[in-house]
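Everything below concerns the one structure shown next.
Just so you know, all these numbers are worked out from the coordinates, no wet-lab data involved. What you see is a predicted model; the values in this text were computed from it and never measured. Positions of Cβ are generated from backbone atoms using ideal geometry, with glycine treated the same way; all protein chains shown enter the neighbour counts.
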Amino acid sequence: MPDDHEELFIEERKEVSRPMFRLFSRYGRKYPFPVGIALVSNLISPLLGLAPAYLLALAIDALFTGERPFALPVLPAAYIPTSTNEKLLFIFGLILGAYTLNALLTWFGSWGWAKFAENVQHALRTDVYDQMQRLGMAFFADKQTGELMSILTSDVNRLEGFLNGWVGRILNILVQVAGVTFVMMTINWQLGLVALLPAPFLTIISYGFIQTVRPKYRAARGTFGDLAARLENNLSGIAVVKSFTTEPFESKRVKEASDSHMQARWAARRWSVRFGPGLTLINGAGFAVVLLVGGWWLLFGPPLFFSGTVSMGTVVMFLQYTRQIQGPMSQAGILLNNYERVKASAERVFVLMDHPVTIPEQDEAIDLDATNGHIAFSNVSFAYPDGEEAITNVSFTVSSGEMIGLVGPTGSGKSTLMKLLMRLYDADEGSIRIDRTNIRNISLHSLRGGIGYVGQEPFLFTGTIEENIAYGMAASESEIIDAATRANADEFITDLEDGYETEVGQRGDRLSGGQRQRIAIARAILKDPEIIILDEATSHVDNETEVLIQQSLEELIEDRTTFSIAHRLSTVRNADRIIVLEDGAIVEQGPHHELLANGDLYANLWRVQIGEIEALPDEFLEETTARDRA
Ligand SMILES: Nc1ncnc2c1ncn2[C@@H]1O[C@H](COP(=O)(O)OP(=O)(O)OP(=O)(O)O)[C@@H](O)[C@H]1O
């Protein structure tokens, strides 16, 4: 199981109180039947496990050596047979019965925990995922996809493992050790102490062992990562290696990485190879000491400071119990150690569950059935969490159906402005209104449903082209084809061998950037929103494809209020109005020809695009250089 995300939420985890209790109280009560069955089985089964050794002792003392009468606690004498052969058969029946019942209980116990754990795993995974989806973009901005994935996979799996194995095993061990201790202390506390002596050491040693080797194995995984990265890098760049004849240099680097990995693994391995024999030695010594003390006692009377009498059956029973608790006691150390990791997993899960939803939806939020696309920004300011102000006091209004070009140097806040409109972030000050309703009072579903977004890198989900166009919408085949046709995509789709059934992956395998973009446009056409945001929608395609995309975009934006973010000013030249941003504030706005005539920032940006670098004023070049440095 990967440990890479162990550092995730390390600070926030401290705020989570009693995660294991919460895990059980939240999910345990949802599945009372399997949990109840498992608990009852775990309590009874280890007690039944005590019976065979006890009955064996009875057989030895009452039947073989005749040291004591044939009697069993709780069982009335009337039930006990009288003849010796019947007594032997009786013991045989009881032992067989105990094992059979124990097997049944173990089955129920395993079933109960497995059923509970599988259900909780499923519920946890879907709950955590649903919660993640509700979190604002700020949450995702500083996290790696892999880290979040690891919570949904590693942490959830670890909790499943805990519920499935840990609780049952710990209960089993506790009851078994308590039962063995009770029986031995009642029958002969002195020999009992001898038999129990190694038990705590087994737990301590196994606990210490895991504590010692775990960081060593983690380090070994780290060095393996380095080695794998080096190998992957060298094989991908093999052409460069050959052309620079750096084979000896690379061989040396691979050897060094492999050597570090070997050393790191050996540091862990040498502990592992000692652990098993160490435990065997303690177990064996414990067993031998019980035999020595018990045997001496039987043959020559109580040794050393011991007193009283002991029967042969008792010695055999204690030897049996010594063996019986050795395994569980050494397991206990490992289980206790695992608890810390499981708790960390539960904490990470609850950090996520407790994470405040930063884009809250008001209880009385209204649904915007169909907007007419009138938008007003009033004195809007915004800073990213831990960032400088990205938008400063921005105000403008857009009429229904208007096409607005958003331009400005890189980092001037164009995308941020649109994220605020979609409520991916909430403005810190000021208000944004659609059809005179503050977007904070509009349900997120209808707000975002009314906006179509076509970005720079169209994201296609794993599935067919058809599914990607109809993404999340119930659309008929003819509606999908119609949208694709209007997006200039139908032709290339039908040319594909599987047509609309063609499978595309996350990276849109087999489709060019321009084709993927047209699928994204078809998706937006099908969604039929009143407001469209185009975020550099043609930035990654060649000029020829751009013409095709422009045509499909015109189809998309017709009669809709549109924002088009553009670096290539030619794409917004025909906009009704161009808003020019600089450092998060509006510095100019108006149609293309007016802004050109103004001779300010837009005019300079335009000169850059048409290649009139000499005509640019010095201040503009200085500012551009300063921005580039920043
Ligand atoms: N998630 C974020 N967290 C913190 N700061 C951010 C984040 N996204 C953007 N910024 C910062 O906010 C400012 C505005 O960025 P924005 O992406 O809106 O600019 P832009 O005009 O769209 O730029 P570009 O043309 O390069 O896409 C920049 O200074 C940027 O570094």
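Things worth noting here:
- Share antiparallel - DSSP beta bridges, the chain, percent rounded to 5: 55
- Degrees, to the nearest 10: 477-486 long Cα axis against longest axis of the chain: 40
- The C-alpha atoms of the chain define a longest principal axis, and helix 84-134 lies at about 10 degrees to it.
- Sparsely packed loop sites in segment 419-516 (the chymotrypsin sites (Phe, Trp or Tyr not before Pro) outside DSSP H, G, I, E and B with at most 13 other Cβ atoms within 10 Å) comprise Phe459, Phe461.
- Three-way shape label, the chain, alpha-carbon gyration tensor, a/c 1.5: prolate
- Loop-located GluC sites (Glu not before Pro) in segment 550-598 (DSSP state not H, G, I, E or B) with no more than 16 neighbouring Cβ atoms inside 10 Å: Glu558.
- For the pair segment 222-261 and segment 341-397, the centres of their Cα atoms are 45 angstrom apart.
- Rounded to 0.05, the FRET efficiency of the Phe24 and Asn337 pair, given R0 = 25 Å and the Cβ-Cβ distance, is 0.75.
- Centre separation in Å (Cα based) which lies between segment 399-415 and segment 34-69: 80
- Our estimate of slack between Arg568 and His122, defined as 0.36 nm per intervening residue step minus the Cα-Cα distance, is 155.8 nm.
- Sites Leu304 and Phe201, calculated FRET efficiency, Cβ-Cβ separation with R0 22 Å, nearest 0.05: 0.60
- Computed from Cα atoms, the angle from the helix 32-48 axis to the main principal axis of the chain rounds to 30 degrees.
- Highest average packing first - 361-368, 51-58, Cβ atoms within 10 Å: 51-58, 361-368
- Averaging the Cα positions of each part gives two centres, and for segment 6-25 and segment 168-213 these lie 30 Å apart.
- For segment 163-211: rounded, prolate or oblate by the Cα gyration tensor [a/c cutoff 1.5]: oblate
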